[in-house]
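Below is one structure; the comments refer to it alone.
The values are calculated or read from the model by the stated rules, or taken from the named source; none is laboratory data. It should be emphasised that the depicted structure is a prediction, and the values quoted were computed from it without experimental measurement. Cβ sites come from the backbone with ideal geometry, for glycine too, and all protein chains shown count toward neighbours.
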Amino acid sequence: MTETLLETTAARTPAEVVASARAAFDSGLTKPRSWREAQLRALRTLLVDHEQEIAEALHADLGKSATEAWVTETGFLVREIDHTLRHLRAWTAPRRVPVPVSLALGRAKVVREPLGVVLVIAPWNYPVQLCLAPLLGALAAGNAVVVKPSEVAPATSRVLARLVPRYLDTSAVHVVEGGVPETTALLAERFDHIFYTGNGTVGRIVLEAAARHLTPVTLELGGKSPAYVSDDADLRVTAQRLVWGKFTNAGQTCVAPDYVLASRATIEALKPLLVEGIRAAFGEDPSRSPEYGRIVSARHFERLTSMVDHDRLVTGGRSDASTRYLEPTVVEVEDADDPEQLVMREEIFGPVLPLVEIEGLDAAVDFVNRREKPLALYVFTSSNRVRRRFVRDTSSGALAFNVPLAHLAVPGLPFGGVGASGTGAYHGEHSLELFSHSKPVLTLPTRPDATVFVRPPFTALKEQVVSRVAFPGRRRRPRRKVE
């Protein structure tokens with residue numbers, strides 16, 4: 001029965017899949033909280049029961065270790081599901097709001113209602129987490145969902161396409177595999193929300209397609225996320241955390257520190273500590289470390305190796321095209337504004353960490369502000385003055401002090417970009433807010449009729465009520481006589 005169902009689903013066109021999801025939503029199937037909770041529990045079971053199978057797919061696509069797969073993908077989702085289930089009743093409950101005196105007999109509330117049918121287009125770098133985290137948020141909000149895994153991570157895409165229909169409601173949740181043609185066909189359909197994670201080039205295509213149907217879009221993009229290391233930072237701990245944040249998933253993380261800004265003295269002190277931190281994490285030969293991943297494809301491998309300036313190496317630089325291995329690499333940048341510096345021209349998205357000399361705090365803030373707003377900004381300092389300066393004078397999707405990546409692990413914090421790094425945010429209750437419409441509901445009894453005081457004709461008594469009670473603060477004006 002399951003095999004037949006999977007074959008039938010795979011044989012459907014994108015248009016038929018969307019129509020099926022639309023029919024499920026229109027039937028009211030997805031709206032009860034009991035259905036939403038059942039889907040989340042089923043998704044949790046999928047992740048736990050198939051942890052090893054998912055880890056093997058992630059290793060095949062990205063060389064991830066089983067522990068890293070659990071920490072950054074599967075376990076991350078389990079924790080998000082548990083948090084959502086604990087709070088779903090409160091998040092979905094109608095919220096009473098006060099009414100003005102003029103409507104004192106009325107009752108007002110805000111009701112969160114699902115948007116309808118949501119399309120999730122997932123990336124390849126965290127192909128489980130960044131596919132299923134938006135899915136679980138959309139399901140918690142009561143939507144039907146069509147998921148498009150990334151074809152660049154084919155092993156993971158196959159696992160998701162096979163497992164999701166076995167655990168989730170196949171009338172309301174659909175997985176569509178494929179590449180550009182399938183994605184293009186999906187974008188031609190009408191959705192009630194589109195959630196895309198990836199690069200800005202494709203993000204623009206998604207926006208253009210959505211505009212034809214006036215469909216709202218969430219874009220989780222990225223960009224170059226800076227890390228400023230102040231002279232007063234604890235450099236040993238800073239180096240260890242930079243190594244962890246940069247080289248997790250072989251640097252293929254949208255919120256990885258993209259480059260380091262620091263004074264010349266701090267850079268010189270930081271360099272041997274970074275070398276030491278890489279050795280402590282991955283050993284003398286990272287190619288033999290089970291904890292170190294691989295570049296996802298030959299195309300990305302070639303792009304990354306072209307960025308490495310071997311004349312400015314601090315450490316690393318070795319590579320093997322046959323296994324898509326690029327050693328954890330640290331380089332110095334002579335002129336960050338030189339357009340020939342490929343490593344500073346675009347988001348690196350790989351295990352290459354540039355060190356950029358900067359004169360001080362003012363110069364660092366100016367350097368960040370002259371570029372596109374980053375998805376994340378990291379500042380390593382022990383100074384409250386430095387922290388206040390970055391909070392006040394910079395703009396980024398997230399700002400974290402003394403630690404990279406970790407803000408994603410806080411369920412109450414929204415995750416998303418600003419400007420070129422993205423629009424919209426999710427995680428925790430922010431996911432429910434994103435995939436819902438907050439509908440205002442006002443109820444006013446017909447008797448007694450309180451609206452009589454704000455309807456013409458406006459007698460002297462009504463004017464007193466309007467000026468003193470319903471809308472106080474109005475300057476008294478003489479009534480105009482009608483000729």
Residue match in region 199-212 (condition: in contact with a helix residue (DSSP H, G or I) (Cβ under 6 Å, 6 or more places away or on another chain) and assigned by TED's automatic domain parsing to the domain that holds S20): yes
Count of residues meeting criterion [over 19 Å from P134 (Cα atoms), aliphatic (A, V, I, L, M) and in a loop (DSSP other than H, G, I, E, B)] in region 165-221: 2
Residues of region 224-270 satisfying the condition of being in contact with a Phe, Trp or Tyr (Cβ under 9 Å, 6 or more places away or on another chain), of a type in the set (G, A, S) and in a loop (DSSP other than H, G, I, E, B): S225, S230, A233, A256
Failed criterion for E151 (all others in (1) in a loop (DSSP other than H, G, I, E, B); (2) of a type in the set (D, E, K, R); (3) crowded, with 18+ Cβ neighbours inside 10 Å hold): (3)
Number of the exception - P98 against (1) touching a residue at least 12 places away in the same chain (Cβ under 8 Å); (2) surrounded by fewer than 22 Cβ atoms within 10 Å (Cβ to Cβ); (3) not polar (S, T, N, Q): (1)
Single match in G416, G412, G428 (criterion: modelled with pLDDT under 95, within 24 Å of A256 (Cα to Cα) and under 40 Å from the mean Cα position of the chain (by Cα)): G412
Count of region 258-312 residues which are surrounded by fewer than 16 Cβ atoms within 10 Å (Cβ to Cβ), more than 30 Å from N369 (Cβ to Cβ) and in contact with a strand residue (DSSP E or B) (Cβ under 7 Å, 6 or more places away or on another chain): 1
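Matching residues to (1) touching an Asp or Glu at 6+ places or on another chain (Cβ under 6 Å); (2) of a type in the set (F, W, Y); (3) touching a residue at least 40 places away in the same chain (Cβ under 8 Å); (4) crowded, with 16+ Cβ neighbours inside 10 Å:
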{"residue": "L399", "(1), (2), (3), (4)": "no, no, no, yes"}
{"residue": "N402", "(1), (2), (3), (4)": "no, no, yes, yes"}
{"residue": "L408", "(1), (2), (3), (4)": "no, no, yes, yes"}
{"residue": "G412", "(1), (2), (3), (4)": "no, no, no, no"}
{"residue": "G417", "(1), (2), (3), (4)": "no, no, yes, yes"}
{"residue": "S421", "(1), (2), (3), (4)": "no, no, yes, yes"}
{"residue": "G424", "(1), (2), (3), (4)": "no, no, yes, yes"}
{"residue": "H427", "(1), (2), (3), (4)": "no, no, yes, yes"}
{"residue": "S438", "(1), (2), (3), (4)": "no, no, yes, no"}
Looking only at region 440-464, and only at residues there that are of a type in the set (V, I, T), touching a residue at least 40 places away in the same chain (Cβ under 8 Å) and not in a helix (DSSP H, G or I), the one that is nearest to A398 (Cα to Cα): V441
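Can you go through K31, K64 and tell me which one is closer than 30 Å to R294 by Cβ and outside any helix (DSSP H, G or I)?
Details: K31 fails: closer than 30 Å to R294 by Cβ.
Unique residue meeting the criteria: K64.
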Every pair of residues 6+ apart whose Cβ atoms lie under 7 Å, when the first sits in region 2-29 and is farther than 18 Å from V120 by Cβ and assigned by TED's automatic domain parsing to the domain that holds Y167 while the second is at pLDDT below 65 and surrounded by 14 or more Cβ atoms within 10 Å (Cβ to Cβ): none
Residue in region 13-23 that is of a type in the set (D, E, K, R), modelled with pLDDT of 95 or more, buried (at least 18 other Cβ atoms within 10 Å of the Cβ) and in a helix (DSSP H, G or I) present: yes
Subset tally (residues that are surrounded by 13 or more Cβ atoms within 10 Å (Cβ to Cβ) and within 30 Å of T218 (Cα to Cα)) for region 381-397: 8
Among the residues listed as T238, T253, the single one being under 21 Å from G422 (Cβ atoms), surrounded by 19 or more Cβ atoms within 10 Å (Cβ to Cβ) and in the same structural domain as V403 (by TED's automatic domain parsing): T253
Residue list for region 147-166, restricted to those being among the basic types (K, R) and out of contact with any Asp or Glu (no Cβ under 9 Å at 6 or more places or on another chain): R162, R166
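Please find, within region 158-203, the residue that is surrounded by the fewest Cβ atoms within 10 Å (Cβ to Cβ) out of those that are among the polar types (S, T, N, Q) and under 19 Å from the mean Cα position of the chain (by Cα).
Start the filter on region 158-203 by keeping residues that are among the polar types (S, T, N, Q), which leaves 170-171, 183-184, 197, 199, 201.
Imposing the further condition that a residue be under 19 Å from the mean Cα position of the chain (by Cα) reduces the set to 197, 199, 201.
Working: T197: 26, N199: 17, T201: 8.
For region 158-203, the residue satisfying everything is T201.
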